[in-house]
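What follows draws every value from the coordinates through simple rules; no lab data is involved. These numbers come from a predicted model, not from an experiment. Heads up, the Cβs are rebuilt from the backbone with ideal geometry, glycines too, and the neighbour counts pull from every protein chain shown.
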Amino acid sequence: MEVFTPRSLAEALRLKAEQPSAVPIEGGTDVMVELNFDRARPEALLNLNEVAELRGWSRDNGLLRLGASLTYTEAMAAPLSEQLPALAEASRTVGSPQIRNRGTLGGNLGTASPAGDALPPLLVEAAEVELSSVRGVRTLALEDFLVGPKRNALEADELITAVLVQPSGARQTFMKVGPRNAMVIAVCSLAVSVDQERCELRAAYGSAGPVTGLVTAPLDEVDSFPERVAEAASPIDDVRGSARYRRHALRVLAERGLQRCLT
Amino acid sequence: MARLIRTEKEVEGRYTEQWIVVDEDVLEQWPAGPLETVGRPVPRADGGQRARGEARYTADIKLPGMLHAAILRSPHAKARVRRIDTGRARRAPGVRAVLGPETGPLTDEPPYEGAPVAAVAAETSEQARTAVSLIEVEWERLEPLLDPEEAVRRNELIDEPNREERGEVERGLAESDAVVEAEYRTQTVLHNSMETHQAICEWDGDDRLTVYISTQFIWGVREEVAKRFGLPEDHVRVVCRFMGGGFGSKNGPGDYTYVAAELARATGRPVKCALTRREENLDSGNRNSTIQRLRVGARSDGTLTFLDGEFVNATGWDGWLASTGGPMRLLYACENVRTVEYGAKLNTPPMAAFRAPGFVEGTFGLECLLDELAAKLEIDPLELRRRNHSTHDAVDERPFSSKQLLECYRRAEPHWERRDEVRARSDATWKRGVGLASQVWYGGGGPPSYAWVRIGGDGRAAVITGMQDIGTGSATAMAQIAAEELGLPVDRIEVALGDSARGPYATISAGSSTIPSMGPAVRAAAADAARQLIEIAAQRYDREERVLSLKNGQIVSSDGGSWPLEEITGLLESGQILGKGSRGPNPTGMRVLTFGVQVAEVAVDVETGEVVVEKIVAIHDVGRVINPLGASSQVEGGIIQGLGHTLSEERLLDPSTGGNLTQTLDAYKIPTIADVPEIVTDLVDVPDEHLTNLGSKGLGEPPIIPTAAAIANAIRDATGADVRSLPITREEMLRALREASRQPAREEVGA
């Protein structure tokens, strides 16, 4: 297996165009698991750790630009955590400190697992994904980017370069149900926000359908919203939990999330 | 004079009779309570080495020229090899030997998923694994038997059912004012030792074999390996210096050792066979699942009138019938007790002993049943247990060598009395409660075990024995025992162990037996050396032996004189003082058992079903405590392991194929540090006056036994729901809550 280590975004995009089958790797918290379990044997890895343009976050006219290499640990730190509090909460539930130091938003999006912890809070905040290639740059709504279980809208020559968010300022929270207190993949998770300004309730569930799903409703439909969230999900039975339990838990999490955001 | 006697030996609750030779001079036990070193907290001698990664485990050993083995394991629960082609594997890079199913222990009719079929030795483990993937097999899949109840119906059993009865259950039933009947289930649990099962075999010529192995019993491995290869036992050397956990699953050599030995013989090079984590979770043993149909009757004052239990163990393809009915037979005074235990022979991987095998499972059922009875009788659960306290072993009418269970109960009271306060902290979502459960187990150890003590000119001592320290800190405890007897600071004692060629026979480290079996032999050896020191000191310093003693590294005379030990040993230059000691018999006609009680405080989220264990108080009677620091670590380890099987651990099999769905630590959830509650350890440190020259019983297993039932009983206290099935996942918790809400409240039943 070859490993390419570009030193700039331009070089990274050129390599990706030349080697479309190269798998991008950042913290390796997903990719290395696939390799170690022998579920994937890519011809090449594209190591993005040396691409400075992908790191950190910035603000332009209120619009937040989160680099694809932003780690969970960075997402947990102020002042970013004050702008995107649900994302910070979700980041705190990821793995162990070591995993949070390595794992990145770009990786979470690239893997596009229905259990990806960063996805529900970003969906609730109507985030967009910036995709770059030697052909140019495009942005997609996160909802449109997630097209199936572990499938996304990336073209073979594209890299995820950033997540763009206009923070809503709405009260928001993230909750996760797992079989133990740490180091777990969610049985199910839920991000909830109550946007008083736009008079909207928003919720996004994880591990309860083939993709992370977004549910919205007008502010005055608070009472029926938990049920709506539970109905919108399409969970399955697996080793982590049953579909029936997941639906039940989503209802409870939605109630609790609304309670937190309304008081 | 050496004396030959016939005595009884117990390991994991199984008794055998044996001949032993005992020495004549029997030492008096030390007085109770902390002494100079024994009974005081001593940090582990090798703790730093382990923490720094310097301890060399079997997994760390790389011998010159060593090859690595990999095993092709059956992907099917029951199958036959129609055709196997190892040609591509033989030609793969780095491969030095391939064994097919014609070589034992490999098989062409694997009876469970994970059974070994073929094996490869290559220069690296990656090459070996790659070669295994190139072995082509045409399988004939056969219908597996997976359901334990179906196996019992078909009489597919691992052994004859174990039926035991005393008194008459029917008579007890007639005398009962209240009867409770319930079915309890426990799941299959995997050991998951940090160091996976592994061995390195190295032949010296064709008739001498050295085995480096992660094991709980180097002498057992020596005996079995010698037998298998037709070698004199002294031609087999077994080494285990540091060991990364076994919990009962490493009591014997296992298939991987024989695979390594066969491949080493075929290649003329040392071969390591180390299981991967997936193999570990497939085929290194397990705590088998159980179904327990239990009944209890009592008079209105709480006196038990009968206990009746039917236990179905899903033993798997091989193994033995764990004593799931043991707690029911042993824990309480009850005249009428009937138990029947079945071991279902299934197309699933064989069980292995796992930390108090049978008793962990049986105690969950029995102690939950007792609390359900207490609720029905409206008797305080602690009081119910007191009223049925047994003063002797009702199975065979023997007195206990010691029993401090009532003292354990007394010490439990302040924790138990917190119930109202804990419950009062409940709100609409989180319900809180307190529960307790009692425990009985073996743990008296037994002979034979031997130790040597060597004192050099520098006044330092070495304890030499062929025992292994499986990570429990038993080497440190042995150093303390020798230090006490020799009057030396503990840092002047070296413990040399883990090598069958460099020390005498020593106990298996299973059945909570290392300290009770080995400790008395070490003390006897140290006393033998101490006697010789006193004798030569008496000659050198012109005193009577009776006025001399050893203390703080000095020879002390009652007339006030004292001399450093190295002054007299130094006279000998390269000369050494050698002491030897052996383990004497267990007390004749008595039953040696360990006892205890645990009190758990829990919080239950009644909406999501999350159970949080907030605190566990563990009060145990294990006789004299040698090292309180090591002992509390053992208790904490037992409780954390118990917490795992209570709340999150479960090996899941695909019900149609028998395939293991939880082979990785991602799918199989052991507790993390974030799941660990506050743990309070309180050991009733009273020596067993009848047991050996130490009065110490074992502690490895007792702390895991009552944890699940204490938690389940706390959940009942908090929510009114009966949880009768492990693990208590969120779904199981919600199911129990739904069931409880469907049933009329208990008060209404009584009205």
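In table form, for the structure just shown:
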| item | result |
| --- | --- |
| Nearest-20 debye value, chain A charge dipole, Cβ charges on Lys, Arg, Asp, Glu | 660 debye |
| Set of aspartates and glutamates with alpha-carbon distance to A:LYS16 below 18 Å, sequence-local pairs under 8 removed | A:GLU2, A:GLU26, A:GLU43, A:GLU50, A:GLU53, A:GLU130, A:GLU155, A:ASP157, A:GLU158 |
| Three-way shape label, the protein assembly as shown, alpha-carbon gyration tensor, a/c 1.5 | prolate |
| Listed residues B:LEU550, B:ILE616, B:PRO585: farthest to the positive end of the dipole of the stretch B:519-647 (Cβ charges) | B:PRO585 |
| At R0 = 41 Å, FRET efficiency that the Cβ-Cβ distance of B:GLU54 and A:GLU53 yields, to 0.05 | 0.40 |
| Pairwise label distance in nanometres, B:ASP85 with B:ALA496, each label 7 Å out on the Cα-Cβ vector | 5.6 nm |
| Alpha carbon centroid spacing (whole Å) that separates the stretch B:511-564 from the stretch A:49-116 | 66 Å |
| Over chain B: helical MRE at 222 nm, DSSP H runs n ≥ 4 each giving -39500 (n - 2.57), nearest 500 | -8500 deg cm²/dmol |
| Sum of -39500 (n - 2.57) over DSSP H runs of 4+, divided by residues of chain A (222 nm, nearest 500) | -8000 deg cm²/dmol |
| Among A:PHE174, A:PHE37, A:PHE225, residue whose mean-square fluctuation peaks in a GNM of chain A (springs only between Cα atoms under 10 Å) | A:PHE37 |
| Positive-end extreme of charge dipole, chain B - chosen from B:THR672, B:ILE464, B:LEU275 (charges on Cβ) | B:LEU275 |
| Dipole magnitude (debye, nearest 20) for chain B, charges at Cβ of Lys, Arg, Asp, Glu | 1400 debye |
| Partners for B:LYS62 among aspartates and glutamates (Cα-Cα distance below 13 Å; same-chain residues under 8 apart left out) | B:GLU123, B:GLU202 |
| Options B:LEU146, B:SER696, B:ILE61, ranked by Cα towards positive dipole end of the protein assembly as shown, top entry (Cβ charges) | B:ILE61 |
| Cut-off of 10 Å, at most 14 other beta carbons, DSSP loop: longest stretch of chain A lacking such GluC sites (Glu not before Pro) | A:51-154 |
| Formal net charge of residues neighbouring A:PHE37 (Cβ-Cβ distance under 12 Å; K, R +1; D, E -1) | 0 |
| Spin-label model distance (nm) - A:ALA156 vs B:GLU17, 7 Å beyond Cα toward Cβ | 7.9 nm |
| Distance (nanometres) between label positions extended 7 Å along Cα→Cβ at B:ASP234 and B:SER390 | 4.6 nm |
| Of the DSSP H helices in chain B, those whose Cα atoms cover at least 27 Å axially and whose Kyte score averages -0.5 or more | B:514-541, B:628-647 |
| DSSP-assigned coil residues among trypsin sites (Lys or Arg not before Pro) in the stretch B:366-468, each with at most 13 further Cβ atoms within 10 Å | B:ARG425 |
| Cα gyration tensor shape of the stretch A:1-90, rounded if a/c is under 1.5, else prolate or oblate by comparing a/b with b/c | oblate |
| Set of lysines near A:LYS176 by C-alpha distance (under 30 Å), chain-local residues within fewer than 8 positions excluded | A:LYS150, B:LYS431, B:LYS615, B:LYS669 |
| Cα centroid of the stretch B:253-317 to Cα centroid of the stretch B:170-197, whole Å | 16 Å |
| Overall form of chain B per C-alpha gyration tensor (a/c, 1.5; a/b vs b/c) | oblate |
| Extended-chain gain in nm, criterion 0.36 nm per residue less alpha-carbon gap, B:LEU578 and B:GLU123 | 159.3 nm |
| Calculated FRET value between B:ASN162 and A:VAL33, using beta carbons and R₀ = 30 Å, to 0.05 | 0.10 |
| Given charges at beta-carbon only (K, R positive; D, E negative), |dipole| of the stretch A:189-263 in Debye | 340 debye |
